[in-house]
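Following: one structure in structure tokens, then a few remarks.
The values are calculated or read from the model by the stated rules, or taken from the named source; none is laboratory data. Being a predicted model, the structure only gives us computed values, none of them experimental. Cβ sites come from the backbone with ideal geometry, for glycine too, and all protein chains shown count toward neighbours.
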Amino acid sequence: MDDACVCTKLHGPGLHPHCFGQFWLFDGTSPEALNEIASQFLRRQLAAGEDLFRQGEPAESMYLIKQGLVKLWRISPEGRVVTLAIRKAGDFLGEAVLIETGEYPVTATCLEPTLTCGMDRKHFEALVTKYPPMALAVIRNLSRQIQHLSSNLDALAEPTLDDRLYKLLANVAHEVGIRAPGGWTIAYPLTHEEMAFLVGAHRVSVTRTLGKLRSAGKIRSSGKHLFVSDVANE
């Protein structure tokens, strides 16, 4: 496959360096298969606030984020909005397409201008049939997703709200933050209510706990930027 990223040719520099066809999902795939994969790419450019897909829609496509941030959220059976994760450039969305037919279990909303590169189910299934080594790569992908979910569950297992909230912020910082001296800086809008859903607490309790974390020097905020201290290494 041509080393030059077509997305970069179309949209200019500043995109994530990994291409869909070079993604670890396709490790062990032959150059012939990669060339065929490249011919099937779907590219979408979305504005902040626009949905890549919505909960309940038929799950037909999977996406690699080339630029931007995407919030994954869903409506609970009780009618509450539950924020599940924030995905950044280089992350993969729509993994359920790989293993089953059905509907998207969540909504994916862009937090900033976003570019995605992806493939629909029909083309992916045809490629896996034609190139069997791709099936093994899918297994690796699912394993990594399980590890990611396990780290989020670890955060919820912390005994105190202070520890749960700090661990949540530290996990998010590792995912989408920018490394800075002594920690990470996060530059995206995550509301107190969204944090409350993620740690299983009331919004008022989260607001109070954020104040305690600031007093302890574990976090500090400036506008829409949040700095999370790497207290584990201090």
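Among the residues of segment 53-99, those identified as among the acidic types (D, E) and more than 20 Å from V176 (Cα to Cα) are E57, E60, E78.
The set of residues in segment 214-229 that are part of a helix (DSSP H, G or I) and either crowded, with 19+ Cβ neighbours inside 10 Å or of a type in the set (G, A, S) (or both) contains only S215. Close contacts from segment 161-176, counting a first residue that is in contact (Cβ under 8 Å) with a residue 60 or more places away in the chain and over 22 Å from I65 (Cα atoms) and a second that is crowded, with 18+ Cβ neighbours inside 10 Å and of a type in the set (D, E, K, R), with Cβ to Cβ under 6 Å and a gap of 6+ residues or different chains, come to Y166/K218. If you go through segment 73-89 and keep only what is part of a loop (DSSP other than H, G, I, E, B) and either surrounded by fewer than 19 Cβ atoms within 10 Å (Cβ to Cβ) or in contact with a helix residue (DSSP H, G or I) (Cβ under 8 Å, 6 or more places away or on another chain) (or both), you end up with S76, P77, E78, G79, R80. Scanning segment 218-226 for any residue that is hydrophobic (A, V, I, L, M, F, W, C), at pLDDT 85 or above and at negative phi turns up at least one such residue. Any chance segment 166-174 includes a residue that's surrounded by fewer than 14 Cβ atoms within 10 Å (Cβ to Cβ) and either at pLDDT 85 or above or in the same structural domain as A59 (by TED's automatic domain parsing) (or both)? Within segment 166-174, none of the residues are surrounded by fewer than 14 Cβ atoms within 10 Å (Cβ to Cβ) and either at pLDDT 85 or above or in the same structural domain as A59 (by TED's automatic domain parsing) (or both).
Taking the options L127, L69, name whichever one is hydrophobic (A, V, I, L, M, F, W, C) and either within 18 Å of the chain's Cα centre (by Cα) or surrounded by 20 or more Cβ atoms within 10 Å (Cβ to Cβ) (or both).
Of L127, L69, the one residue that is hydrophobic (A, V, I, L, M, F, W, C) and either within 18 Å of the chain's Cα centre (by Cα) or surrounded by 20 or more Cβ atoms within 10 Å (Cβ to Cβ) (or both) is L69.
Please find, among T185, T160, T207, the residue that is modelled with pLDDT of 85 or more, among the polar types (S, T, N, Q) and exposed (fewer than 15 other Cβ atoms within 10 Å of the Cβ).
T207
Checking each residue of segment 67-87 against the condition of being hydroxyl-bearing (S, T, Y), farther than 19 Å from M195 by Cα and not assigned by TED's automatic domain parsing to the domain that holds I178 gives no match.
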